[in-house]
Amino acid sequence: MIMKGKKGVILGIANKKSIAYGIAKACQEQGAEMAITFLNERFEKKLAPIAEDLDCGARLYPCDVSNPEEIKALKVSLEKDMGQIDFIVHSIAFAPKEGLSGRFIDIGKDAFDVAMNISVYSLIEIVRELKPILSNKASVLTLSYYGGVKYIPNYNLMGVAKAALEMTVKYLAEDLGKDGIRVNAISAGPIKTLAAAGIGDFGFMLKWNKAHAPLKENVTIEQVGNSGMYLLSDLSSGVTGEIHYVDGGYNLMGMPAVEFDEAGKPHIAWNGEK
Ligand code: NAP
């Protein structure tokens, strides 16, 4: 049991399709004890059976990360119910719809501020507020996407947020290394979740990735979950500030593979589905 004796909190489970749920399940299977959070009352009811399933029915706390008071209250609840904790999973992102399709130049300041606040600043704030109860071998994990490194159609505002998130991981890792706290990110390939449904033409993204990733499959929340569990465990005790790709190898592709038909005419290895 790799996570036996480890305690932590997981933010960002919306349902059983969430990446955070995949990470929570992998941690549970390896013996971790967890708390999970919900955004508002509407989600509390939905998450109650999931919390039971993760053996943390009594450790289901509210936390809208745009409200600093709720982050402070989360620390109080965690300290009371769990004492010291060993890991934090930040699997949260949000951008208003106008930031996820259309022309990039039209993104408004309000949308920009909301996306950066919820998707990036919240990581800093959560780690700072929970730091007093983090053990001196703690591990923090967040979730990124390749659209923070390269242009991806429609990812627009979230691409800028993920770029900022990835640098936040590195600066936090340097700052907190002296306290024994590690900070890493997984850059996951596209997965059909609630958050992903907001991205324009997401279905096409899934098909494109499957066709062009070296492993020729889209990744699952179980695969991301297992890699996440490794980064939260002592198995990765020498790893910090890392952006670890779990994307079937898609990020290494500089150009899609080309096939030639019988007449010698080149075409991209792709079935043309949209
Ligand atoms: P998801 O299931 O919809 O999870 C997103 C979570 O963020 C939800 O639990 C959502 O809560 C939460 N959230 C949004 N605003 C919040 C706020 N103000 N306070 C607290 N929580 C808030 O989607 P997901 O795909 O698993 O996303 C998890 C992370 O993975 C995100 O950072 C995403 O960018 C990243 N990621 C996703 C993919 C993909 O293709 N799916 C790929 C790479 C990286 P509610 O549902 O209650 O609103």
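The values are calculated or read from the model by the stated rules, or taken from the named source; none is laboratory data. Owing to the predicted nature of the structure, the values given are computational and were not obtained by experimental measurement. Neighbour counts are summed over all protein chains in view; Cβ atoms, including those assigned to glycine, are modelled from backbone coordinates with ideal geometry. SASA here: full protein model, heavy atoms, side chains in, ligands and nucleic acids out. Shrake-Rupley method; radii C 1.70, N 1.55, O 1.52, S 1.80 Å.
Structure values in brief
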| read-out | value |
| --- | --- |
| Condition met for Gly203 (within 15 Å of the ligand (Cβ to nearest atom), free of Cβ contacts under 8 Å to residues at least 24 places away in the same chain and outside any loop (DSSP other than H, G, I, E, B)) | yes |
| Check on Val120, part of a helix (DSSP H, G or I), within 14 Å of the ligand (Cβ to nearest atom) and open to solvent by 50 Å² or more (accessible area, probe 1.4 Å) | no |
| Given (1) farther than 21 Å from Leu130 by Cα; (2) touching a Leu at 6+ places or on another chain (Cβ under 8 Å); (3) within 15 Å of the ligand (Cβ to nearest atom), number of the condition Pro214 does not satisfy | (3) |
| Residue count, segment 6-23 (criterion: in contact (Cβ under 8 Å) with a residue 40 or more places away in the chain and open to solvent by 50 Å² or more (accessible area, probe 1.4 Å)) | 2 |
| Single condition Ala26 does not satisfy, out of (1) in a helix (DSSP H, G or I); (2) open to solvent by less than 10 Å² (accessible area, probe 1.4 Å); (3) farther than 17 Å from Gly225 by Cα | (3) |
| Of all residues in segment 40-72 being modelled with pLDDT under 95 and within 13 Å of the ligand (Cβ to nearest atom), the one that is surrounded by the most Cβ atoms within 10 Å (Cβ to Cβ) | Phe43 |
| Gly180 being free of Cβ contacts under 8 Å to residues at least 40 places away in the same chain and surrounded by fewer than 24 Cβ atoms within 10 Å (Cβ to Cβ) | no |
| Counted residues, segment 10-39 - those being touching a Cys at 6+ places or on another chain (Cβ under 9 Å) and either within 12 Å of the ligand (Cβ to nearest atom) or farther than 22 Å from Glu79 by Cα (or both) | 7 |
| Search result, residues across segment 236-261 that are among the hydroxyl-bearing types (Ser, Thr, Tyr), open to solvent by 40 Å² or more (accessible area, probe 1.4 Å) and under 20 Å from Glu222 (Cα atoms) | Tyr245 |
| Hits in segment 138-155 (condition: more than 13 Å from the ligand (Cβ to nearest atom) and open to solvent by 10 Å² or more (accessible area, probe 1.4 Å)) | Lys150, Tyr151, Pro153 |
